[in-house]
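Visitor: Next up is a structure, given as C-alpha cells.
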Amino acid sequence: MVPLLSAYVIASMDTTINAIGNTALLFARHPQAYQEVRAEPALIGPAFDQSLRLEPPAPGFFRRTTQPVDIDSITIPADTKVLLSFVSANRDERKWERPEEFLVRRNPVDHVALGYGVHGCAGQGLARLEAHAVLGALVRRVSSIELAGRAGPQAQQRHPGHGFAARHGTHRKAVSEMSRIVVDFDRCEGHGLCEQTAPEVFRLDDEGELRLTHEEVAPEDERAVAAAVRVCPVAALKVRP
Ligand code: HEM
C-alpha cells in the first residue's frame, strides 16, 4: 500500500504544480491570450491543454524494447533503452501547425503530455480539476500578469527531449566533423537539456548561465555533445570543424 501511495504522491505533486505555474507564465508572456481567457473562461481548459502541449511537466519517459522495433525506417534493437519524448511529439510540425505558438483557441486534446494508452496518466481528471480551480480563480481576480524577473517554463526541469521534433537534418550531422563547440548566448534560455545530455561538457551555474568545461570536443564526448546540440530547444549550440 505504501509504495502505491508514494507512486501517486510523486506522480501528482510537481507535475500539477509545474503545469499550473507554466500556464501562468505563458499567460504572462502572452497578455493578449490572457485577456481572451479572462473574457471567455471556457477557454481555461484549452489554454491549460495548450500549456501542457508546449511545456509538458513530464517531458518524457524511458522504455526498454523487448524485441526489435522498426520506426520510421530505423530498427531499434531488442533490450534498448528508448526515450519517449513527449515534449518533442507535442511540438512535431508534422502534427501541429505553428507548433511553437501558444494559441488558446486551439484545443490540443490529443497531445501526449499525460502519456498515452494503458499507462496514460491515471490522475489526469484530478489534475484538470485542480488546474481549472486555480486558473479560474486567477482569471477572475487578476487583471494582468507581468514578469518580475528572468524565467522560463521548465527552467528547473532538466530532461533531454526538447527539439527532437522532426529536425532530421541535425540528426544526420557526421560526428567525425566535430571539433569545437559554439554557444549562441543570445539564444540560450538555460533549459539545461545540454547539461543533462552531456554533463561532462555543459554546466549551468547558480545563475542559470551556461558554462562549458572545455570548448574542444574530446573524442569520448563526441556523441554526447552531438546529442546536446540536437536537444537544445532554442538551437543555441553548434559544433564547428
Ligand atoms: C498536469 C499534471 C500531470 C501530468 C503532466 C502527468 C503526466 C503523466 C504522464 C506523462 C504519465 C505517463 C507515464 C508513462 O508513460 O509511463 C502519467 C502517469 C501516471 N500519473 Fe500522471 N500526471 C499529472 C498528474 C497526476 C495526478 C494528479 C495523479 C494522481 C492523483 C497522477 C497519477 C499518475 C499515475 C498513477 C500514473 C501511472 C499510470 C500507469 O502507469 O498506469 N498524475 N502521468
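The values are calculated or read from the model by the stated rules, or taken from the named source; none is laboratory data. Since we're looking at a predicted model, the values are computed, not measured. Methodologically, a virtual Cβ is constructed for each residue, glycine included, from the backbone with ideal geometry; neighbour enumeration extends over all protein chains shown. Calculation scope for accessible area: heavy atoms of the full protein, side chains included, ligands and nucleic acids excluded. Shrake-Rupley method; radii C 1.70, N 1.55, O 1.52, S 1.80 Å.
Visitor: Counting each DSSP H run of 4 or more residues in the chain as -39500 (n - 2.57), what helix-only mean residue ellipticity at 222 nm follows after dividing by all residues, to the nearest 500 deg cm²/dmol? If you can, show how the numbers build up before the last one.
Guide: Values: 8 runs with 89 residues, N = 241.
Rounded to the nearest 500, it is -11000 deg cm²/dmol.
Visitor: At GLU216 and VAL118, where each label point lies 7 Å from the Cα along Cα→Cβ, what is the point-to-point distance in nanometres?
Guide: Modelled inter-label distance: 5.1 nm.
Visitor: Another question, if that's okay. Would you calculate the convex hull of the Cα atoms in the chain and tell me its volume per residue in Å³? Walk me through the intermediate numbers first.
Guide: Values: hull volume 38.3 nm³, N = 241.
Spelled out: Cα convex hull of the chain, divided by residues, is 159 Å³.
Visitor: Could you tell me whether the stretch 1-75 comes out rounded, prolate or oblate from its Cα gyration tensor? Rule is a ≥ b ≥ c as square roots of the eigenvalues, rounded for a/c under 1.5, then prolate if a/b exceeds b/c, otherwise oblate.
Guide: On the way: a/c = 3.41, a/b = 1.56, b/c = 2.19.
Oblate, because a/c is 1.5 or more while a/b does not exceed b/c.
Visitor: Kindly report the accessible area of the chain per residue (heavy atoms of protein chains, probe 1.4 Å, no ligands, DNA or RNA), in Å².
Guide: On the way: 14120 Å² over 241 residues.
Solvent-accessible surface per residue comes out at 59 Å².
Visitor: Next question, about the same structure. Report the FRET efficiency, 1/(1 + (r/R0)^6), for ALA133 and THR80, where r is their Cβ-Cβ distance and R0 is 51 Å, rounded to 0.05. Show your work: numbers first, answer last.
Guide: Numbers: r = 42 Å, r/R0 = 0.82.
The pair ALA133/THR80 has a calculated efficiency of 0.75.
Visitor: How far is it, in nm, from the label point at THR65 to the one at ARG141 when both lie 7 Å from their Cα along the line to the Cβ?
Guide: 5.1
Visitor: Around LEU84, which amide H atoms from residues at least 5 apart in sequence, or from another chain, sit under 5 Å from its own amide H, with H modelled in the peptide plane?
Guide: The list, which skips near neighbours in sequence, is PHE61, PHE62, ARG63.
Visitor: Which Cα, out of PRO241, LEU114, VAL182, lies furthest along the positive dipole direction of the chain (beta carbon charges, K/R +1, D/E -1)?
Guide: Positive-most Cα among the choices belongs to LEU114.
Visitor: Moving on. Have a look at THR197, THR80, THR23 and tell me which one the Gaussian network model of the chain (Cα, springs below 10 Å) gives the largest fluctuation.
Guide: In the Gaussian network model the winner is THR80.
Visitor: Taking the Cα centre of the stretch 40-105 as the origin, how large is its charge dipole in debye, to the nearest 20, when only Lys and Arg (+1) and Asp and Glu (-1) carry charge on their Cβ atoms? It would help to have the intermediate numbers written out before the result.
Guide: On the way: 9 positive and 11 negative charges, 42 e Å.
The calculation lands at about 200 debye.
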